[in-house]
Amino acid sequence: MTDAMPVGERKQLAPPRDDSGAFGWMRKHLFSSWANGITTIVLVAAIGWILAWFLDWAVFTANITAQTGSECRGQGACWALIREKLRLIFFGTFPYDEQWRPLLAVATMLAMLVTTADRRMWRPWRLFVIWGIGSFVTFLLMFGQLHIPLSLFFAVALAVGAVGLSARKTLGSPAEINAYRALVAIGVVGLVLRMTGLLPGWKLPIAPFSYVETGLWGGLPVTMILATYGLAFAFPYGVLLALGRRSNLPLIKGLCVGFIELIRGVPLISLLIMASVMLPLFLPTGVTFDKFLRAQVAVILFAGAYIAEIIRGGLQSLPKGQFEAADAMGLNYVQKTTLIILPQALRVVIPPLINTFIGFFKDTSLVLIIGIFDFLGTANQALVDPSWAGYPGEVYLFAAFIYFCFCYSMSRYAKYLEIELNKGTRR
């Protein structure tokens, strides 16, 4: 028989283990059993040995004052190579005396991206001003001279007016609607007069610096321009492809499906080679496009196809009731899509979107195959000098650190954005 406890008394239990504080966390997660404790000790010892070796190589015995590679022999890391080739790695073959221009261009793009990341700037006109001014300053610094055609002003007026009319047709004030209509009219009339030759091919010349062709660009500015503007143009283009793939019109749906599958079915290198080598063969004699522009278009096409599939997944995740509720409110297709559907779909797909952005930021290194030297390409060029040969580890480690800073910043911002945008749906 088992010993019966008197009525009204409780069995005395051992006091709970203290899992609070640093020691409690270590006891719970690192030393919860003998096996976990031994594994923790072994891994800590291995990490400590590797870290001690790396610090000795990279810091304590490193050489940052050598004038040639031979002076670094038999020592630790040869950071003197990075010091000597820093401007080549960051700016490539851009004219040496003018390299302050790509430096300011990179600073401008960083300021533009940081400002855009502030949610208080998420207004159409604010973003238009930020990206308009930032892009103008960036390319003026890189090219040195800009000749803006009159037709560009008409095209911008038409685009702004058309988008404004579609999104604010029943929501904006009469004055706002009339302003959008005036922009559309100015854009249409101006483009028609320009195409018929009634307006001259006038260009606004802005030439404060000496002209530098894209063949001399290189380094970090090239990587940032390809990634920033490639994804900036690919995102709305991918949204349109995703909406077209879900369209009820068979022709539009078929074209979008065929284009997406075609682009996603070939590697980016093949598109770059086609844009650089094959496209000029199909153009009329005397007609050509800048190689850098062709590479940018290839990146936009490739990124847009992948973004389209990600956004399509977000659209499919929404319940049907959201579409029906938007229809019941009397919203047209553009208003329903921009105000109700897309904000919810984009919030769902933030993780895969940022993963795609990070991947394409690193994939810009593939443009080296068509003779465009991005940041990794110019880092490779730093190893060509015979007097500094034999130190690839330092160069690639430095390049990896720069890539890590950009990619980790994007990852942390995406995490912050995901938390902020999901505050209203948390329980």
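The values are calculated or read from the model by the stated rules, or taken from the named source; none is laboratory data. Predicted model, so just to flag it, every value in this text is computed and none were measured. Heads up, the Cβs are rebuilt from the backbone with ideal geometry, glycines too, and the neighbour counts pull from every protein chain shown. The protein model used for the area step is the full one, side chains on, heavy atoms only, and it has no ligands, DNA or RNA in it. Shrake-Rupley method; radii C 1.70, N 1.55, O 1.52, S 1.80 Å.
Take the range 315-333 and flag every residue that is within 26 Å of the chain's Cα centre (by Cα) and either among the aliphatic types (A, V, I, L, M) or surrounded by 14 or more Cβ atoms within 10 Å (Cβ to Cβ) (or both).
Leu315, Leu318
Checking Arg101 against (1) of a type outside the set (Gly, Ala, Ser); (2) more than 29 Å from Lys415 (Cβ to Cβ); (3) surrounded by 15 or more Cβ atoms within 10 Å (Cβ to Cβ); (4) in contact with a Ser or Thr (Cβ under 9 Å, 6 or more places away or on another chain): exactly one of these is not met. Which one?
The single condition Arg101 does not satisfy is (4).
Here is a yes/no grid of residues against (1) surrounded by 13 or more Cβ atoms within 10 Å (Cβ to Cβ); (2) β-branched (Val, Ile, Thr); (3) on the phi < 0 side of the Ramachandran plot; (4) touching a strand residue (DSSP E or B) at 6+ places or on another chain (Cβ under 6 Å):
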| residue | (1), (2), (3), (4) |
| --- | --- |
| Leu165 | yes, no, yes, no |
| Ala175 | no, no, yes, no |
| Ile186 | yes, yes, yes, no |
| Gly197 | no, no, no, no |
| Ser210 | no, no, yes, no |
| Leu220 | yes, no, yes, no |
| Met224 | yes, no, yes, no |
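Pick from Thr108, Thr65: which is more than 19 Å from the chain's Cα centre (by Cα) and hydroxyl-bearing (Ser, Thr, Tyr)?
Working: Thr108 fails: more than 19 Å from the chain's Cα centre (by Cα).
Selected residue: Thr65, the only one of Thr108, Thr65 that is more than 19 Å from the chain's Cα centre (by Cα) and hydroxyl-bearing (Ser, Thr, Tyr).
Can you name the number of the only condition in (1) among the hydroxyl-bearing types (Ser, Thr, Tyr); (2) open to solvent by less than 40 Å² (accessible area, probe 1.4 Å); (3) closer than 23 Å to Phe357 by Cα that Ser276 fails?
If we test Ser276 against (1) among the hydroxyl-bearing types (Ser, Thr, Tyr); (2) open to solvent by less than 40 Å² (accessible area, probe 1.4 Å); (3) closer than 23 Å to Phe357 by Cα, just (3) comes out false.
Report those helices (runs of 4 or more DSSP H) wholly inside the range 337-427 carrying at least 1 residues which are open to solvent by 70 Å² or more (accessible area, probe 1.4 Å) and within 25 Å of Arg312 (Cβ to Cβ).
342-348, 350-363, 392-421
Taking Phe153 as meeting all but one of (1) open to solvent by less than 60 Å² (accessible area, probe 1.4 Å); (2) farther than 26 Å from Ala298 by Cβ; (3) touching a strand residue (DSSP E or B) at 6+ places or on another chain (Cβ under 9 Å), write down the number of the exception.
Status for Phe153: all satisfied but (1).
Here is a check on your reading of the model: is Thr39 over 30 Å from Met224 (Cβ atoms), of a type in the set (S, T, N, Q) and in contact (Cβ under 8 Å) with a residue 12 or more places away in the chain?
Criteria not met by Thr39.
Evaluate the following for Leu171: is it at pLDDT below 85, over 26 Å from Thr115 (Cβ atoms) and crowded, with 16+ Cβ neighbours inside 10 Å?
no
Out of all the residues in the range 280-292, which are assigned to a helix (DSSP H, G or I), of a type in the set (A, V, I, L, M, F, W, C) and either touching a residue at least 60 places away in the same chain (Cβ under 8 Å) or open to solvent by less than 70 Å² (accessible area, probe 1.4 Å) (or both)?
Phe292
Against the condition in contact with a Ser or Thr (Cβ under 9 Å, 6 or more places away or on another chain), open to solvent by less than 30 Å² (accessible area, probe 1.4 Å) and either part of a helix (DSSP H, G or I) or under 30 Å from Glu420 (Cα atoms) (or both), how does Ile89 come out, does it pass?
yes
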